[in-house]
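K.L.:
Before I ask anything, here is the structure I am working with.
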Amino acid sequence: MSVRVRRVYDVPEPDDGVRVLVDRLWPRGLAKHAARVDEWPKALTPSAELRRWYHAGKGTYEEFADRYEAELAASEAAELLGQVRALARKGPMTLLTASKSPEQSHAAVLARLLER
């Protein structure tokens, strides 16, 4: 299984495979046709409370990752995670985020979970 994380603002590449936007809101200033998003599972994004907590600097990235994984274990998110995992098993997948640091974002946590 090949899952990678990229910024949604980066130019799509032929080896991206299925492109999955993992942000709750559509990225600012980006036309939908230019993003070439195949899937947009909004329920897989961190809760507003968790996002606010992390961006307020109240915890470390590791704490954020643990809390996000706990949220993903909830029934609706767990079911959707299973669907995205099944899609990833079929071929390459790129998780897209508007985060300026994708390697320190929820998308990186999600990629690790999908590859397990």
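K.L.:
Take the residues of the range 31-51 that are in contact (Cβ under 8 Å) with a residue 40 or more places away in the chain and either of a type in the set (Phe, Trp, Tyr) or in a loop (DSSP other than H, G, I, E, B) (or both): which is most open to solvent (accessible area, probe 1.4 Å)?
P.N.:
Ranking the candidates gives Val37 first.
K.L.:
All but one of (1) closer than 18 Å to Leu113 by Cβ; (2) outside any strand (DSSP E or B); (3) hydroxyl-bearing (Ser, Thr, Tyr) hold for Tyr9; which doesn't?
P.N.:
Every listed condition holds for Tyr9 apart from (1).
K.L.:
Restricting attention to the range 12-30, which residues are in a loop (DSSP other than H, G, I, E, B), open to solvent by 40 Å² or more (accessible area, probe 1.4 Å) and more than 19 Å from Glu79 (Cβ to Cβ)?
P.N.:
Glu13, Leu25, Trp26, Arg28, Gly29, listed by residue number.
K.L.:
Out of (1) more than 17 Å from Leu25 (Cα to Cα); (2) at pLDDT 95 or above; (3) not aliphatic (A, V, I, L, M), what's the single condition that is false for Thr97?
P.N.:
(1)
K.L.:
What pairs can you find where one residue is in the range 81-105 and on the phi < 0 side of the Ramachandran plot and assigned to a helix (DSSP H, G or I), the other is open to solvent by 30 Å² or more (accessible area, probe 1.4 Å) and modelled with pLDDT under 95, and their Cβ atoms are less than 6 Å apart, with a gap of 6+ or different chains?
P.N.:
That search, which allows pairs on different chains as well, returns Ala88/Met1; Arg89/Met1.
K.L.:
Can you work out which of the residues in the range 1-11 that are surrounded by 15 or more Cβ atoms within 10 Å (Cβ to Cβ) and of a type in the set (Val, Ile, Thr) is farthest from Ala48 (Cα to Cα)?
P.N.:
Looking at residues that are surrounded by 15 or more Cβ atoms within 10 Å (Cβ to Cβ) and of a type in the set (Val, Ile, Thr), I get Val3.
K.L.:
Among Lys90, Lys100, Lys42, which is more than 15 Å from the chain's Cα centre (by Cα) and of a type in the set (Lys, Arg)?
P.N.:
Lys90
K.L.:
Condition test on Tyr54, is it buried (at least 18 other Cβ atoms within 10 Å of the Cβ), touching a Pro at 6+ places or on another chain (Cβ under 6 Å) and not acidic (Asp, Glu)?
P.N.:
It is false that Tyr54 is buried (at least 18 other Cβ atoms within 10 Å of the Cβ), touching a Pro at 6+ places or on another chain (Cβ under 6 Å) and not acidic (Asp, Glu).
K.L.:
For the range 57-77, enumerate the residues that are surrounded by 12 or more Cβ atoms within 10 Å (Cβ to Cβ), in contact with a helix residue (DSSP H, G or I) (Cβ under 7 Å, 6 or more places away or on another chain) and farther than 12 Å from Leu110 by Cβ.
P.N.:
Across the range 57-77, the qualifying residues are Gly59, Tyr61, Phe64, Arg67.
K.L.:
Could you check the range 78-113 and list, in sequence order, the residues that are open to solvent by 20 Å² or more (accessible area, probe 1.4 Å), small (Gly, Ala, Ser) and within 19 Å of Asp10 (Cα to Cα)?
P.N.:
Ala98, Ser99, Ser101
The values are calculated or read from the model by the stated rules, or taken from the named source; none is laboratory data. Note that this is a predicted model, so its numbers are computed, not measured. Counting neighbours? That spans all protein chains shown, and the Cβs are built from the backbone with ideal geometry, glycine included. Each accessible area value is taken on the protein alone, full model and side chains, heavy atoms only, with ligands, DNA and RNA left out. Shrake-Rupley method; radii C 1.70, N 1.55, O 1.52, S 1.80 Å.
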